[in-house]
Amino acid sequence: MPAVEIDGLTKDYRVGFWKTRTKRALNSLQLQVEPGEVFGLLGPNGAGKTTTLKILFRLVFPTSGTARILGRRLDDVAVHYSVGYLPEHPYFYDHLTMEELLHYAGRLFGLGKDDLRRRVGRILEQVGLAEFRDLPLRRASKGMVQRAGIAQALINDPAVVFLDEPMTGLDPIGRREVRDLILQLREEKKTVFFSTHILSDAETLCDRVAILNRGHLQGCGELREILSLGVSTTEVILENPGDGVLEDLRPLVVSLIRTGDRVRLEIADEENIEKTLAIALRARVKVAALNPVKVSLEDYFLAKISETEPETAAPAEVHPK
Amino acid sequence: MGRVLTIALGAFRESVRERVLYSLIVFAFLMIGAAILLGSISVGVERLVLVNLGLAAISVFGLLIAIFIGIGLVSKEIERRTVYNILSKPVTRAEFILGKYAGLVLTLLVNTAIMTVGFYVALAIQKRGLGLQDFSLLTAVYFILLELAIVVGVAIFFSCISTSILSAVFTFCIFVIGNFSSDIRGFGQESGSVALQKVTGALYYVLPNFSDFNVINQVAHGVRIPSLLITANTCYALLYITILLSAAVLIFEQREFK
């Protein structure tokens, strides 16, 4: 049984002063998240990531389509016993302390006093807030509030954890801590469904990703497959090649960029690499580097987005990784 | 039921930690102090002045708390997005509304109890002791509480469909109209216009009728409040609150949090 099944979810928002126009935030989204995987929902701002998560928690209602979490319908509130949710830019009752927030959340799950005390202590340790347990949330930093948000999402020991932009607003240390926490959840065999526009986080954490843009699913697959798809070019860097050599090389390369004494060539197929190297050796030009160019998730992301947005097309050059 | 209680106690705790609550209590005690002062310079009618002013203070400050905290109960949760955390737990929207409502009613109960104790202390100081007939004043306090419970229902209803500020305006308007609903119907009947009679008649039945809840003047003069009125007011308040909360839940069930 999939952890999350999304079948044709569409969401139209009414916009404008008289709410007469509609804006499509999500268009027939089709997704399936398997148990135990870390799944990343990627996309720029306004892509429909938060709308998807809000639909899953019935904070907004779909215009059409259905979804299930752990095989249960979304209107079955009992499914919330098995899930945790960190909203985007979380805000909690700021008159509560960290510890009180977790007790409050735990009581909503009907947890007993002793069990709750044990869990709160463990989770505060897990998210690095043990020494701030008595700190009121109104005096906590943004990073602490984010961690408190993750802690309250874990209080019921959920099977599936939904995190909406968990790294937003965190400093590098905070981001590292949240990353470690997600990795820890993966080790505990929990399903993690998180949205982000920070690609490096997705690259580090996700088993599979889906890419959304303007409500449309642009692609979905295993990260390593996506990242290995584009190992199709090779970068060759030459030192001080003469103009005659460059003229000979120009037909063989995809791009040619001169930076000071060095020239960076990007070559698409193996035969041309051999020819390039032969020309360079014959002209006694020093080959400073030769690297395969991998497609980063960022390149994939930009390429996918450019399919629906020609004006923001991906750069012609593929960045070396 | 446990979840409703948790939300209610959470709302109560939030109110207790709001500074506005304490300032209102302080103001209420100042009013009671002023009542003692005014009573002492009102020769022959000391008790009457003290009872009128003291109970009026309990009513007015209770009303301020009911409106100012009540309007934020739901709309503030939506504006600050704290509602996301609650509704992502195994909590239905009806439980959320009921919990919030019960929390504020509990706050008002405790608040009114504190002010009533203060009022009786003032009365005891002035009269140098309390008599059995003084406890009949509790009927007026009970009616104030019923009235406040309806006002909280109105506030929570508007809080589900509007912003905090508009909810405050609407709730206050309903409270004022509710205190004059009999007069409004009388005005319609005397106007001679059939349309106006129908409109004022409809308003009389739809809007809460608070005029029967104000018995401060009667109890101050020692008039006994009939038990039929107590029963009728209790049933009316329960029915009205049930209708208000049901409407609030129905609206809140459809509400989207964008």
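General remarks:
- Cβ-Cβ contacts under 8 Å between residues 6 or more apart (or on different chains), taken from a first residue in region B:226-243 that is within 17 Å of B:LEU148 (Cβ to Cβ) to a second residue that is surrounded by 15 or more Cβ atoms within 10 Å (Cβ to Cβ) and of a type in the set (S, T, N, Q), are listed as B:ILE230/B:THR139; B:TYR236/B:ASN209.
- Tally of residues being in contact with a helix residue (DSSP H, G or I) (Cβ under 8 Å, 6 or more places away or on another chain), facing another protein chain (nearest Cβ under 9 Å) and buried (at least 24 other Cβ atoms within 10 Å of the Cβ) across region A:55-85: 2
- For region A:35-50, the set of residues classified as in contact with a Pro (Cβ under 9 Å, 6 or more places away or on another chain) and either at pLDDT below 95 or of a type in the set (Ser, Thr, Tyr) (or both) consists of A:THR50 only.
- Unmet requirement for B:PHE210, which otherwise passes all of (1) surrounded by 12 or more Cβ atoms within 10 Å (Cβ to Cβ); (2) among the hydrophobic types (A, V, I, L, M, F, W, C); (3) more than 30 Å from B:LEU123 (Cβ to Cβ): (3)
- Residues being within 12 Å of another protein chain (Cβ to nearest Cβ) and over 28 Å from B:ALA94 (Cα atoms) - total across region B:1-51: 1
- Some residue of region A:114-129 being of a type outside the set (A, V, I, L, M, F, W, C), under 24 Å from the mean Cα position of the chain (by Cα) and away from chain B (no Cβ under 14 Å): yes
- Residue in region A:23-38 that is free of Cβ contacts under 8 Å to residues at least 12 places away in the same chain and either in contact with a helix residue (DSSP H, G or I) (Cβ under 8 Å, 6 or more places away or on another chain) or surrounded by fewer than 19 Cβ atoms within 10 Å (Cβ to Cβ) (or both) present: yes
- Search result, residues across region A:200-229 that are part of a strand (DSSP E or B) and either in contact (Cβ under 8 Å) with a residue 60 or more places away in the chain or not assigned by TED's automatic domain parsing to the domain that holds A:PRO35 (or both): A:ARG208, A:VAL209, A:ALA210, A:ILE211, A:LEU212, A:ASN213, A:HIS216, A:LEU217, A:GLN218, A:GLY219, A:CYS220
- Residue list for region A:130-164, filter: assigned to a loop (DSSP other than H, G, I, E, B), under 27 Å from A:LEU74 (Cβ atoms) and not acidic (Asp, Glu): A:ILE155, A:ASN156, A:PRO158, A:ALA159
- So B:LYS76, is it out of contact with any strand residue (DSSP E or B) (no Cβ under 7 Å at 6 or more places or on another chain), within 15 Å of B:GLU14 (Cα to Cα), surrounded by fewer than 23 Cβ atoms within 10 Å (Cβ to Cβ) and within 14 Å of another protein chain (Cβ to nearest Cβ): yes
- So A:GLN152, is it more than 13 Å from chain B (Cβ to nearest Cβ) and of a type outside the set (Lys, Arg): no
- In the condition set (1) away from every other protein chain (no Cβ under 14 Å); (2) part of a helix (DSSP H, G or I); (3) surrounded by fewer than 16 Cβ atoms within 10 Å (Cβ to Cβ), B:VAL223 is compliant with all but (2).
- Enumeration of residues in region A:186-199 that are free of Cβ contacts under 8 Å to residues at least 40 places away in the same chain and either touching a helix residue (DSSP H, G or I) at 6+ places or on another chain (Cβ under 9 Å) or assigned to a loop (DSSP other than H, G, I, E, B) (or both): A:GLU188, A:ILE198
- Test for A:ARG258: is it of a type in the set (D, E, K, R), in a strand (DSSP E or B), modelled with pLDDT of 70 or more and surrounded by 12 or more Cβ atoms within 10 Å (Cβ to Cβ): no
- Any chance A:ALA3 is aliphatic (A, V, I, L, M) and surrounded by fewer than 19 Cβ atoms within 10 Å (Cβ to Cβ): no
The values are calculated or read from the model by the stated rules, or taken from the named source; none is laboratory data. Computed from a prediction, not measured in an experiment: that's the story for all the values here. Note that each Cβ is placed from the backbone with ideal geometry, even for glycine, and that neighbours are counted across all protein chains shown.
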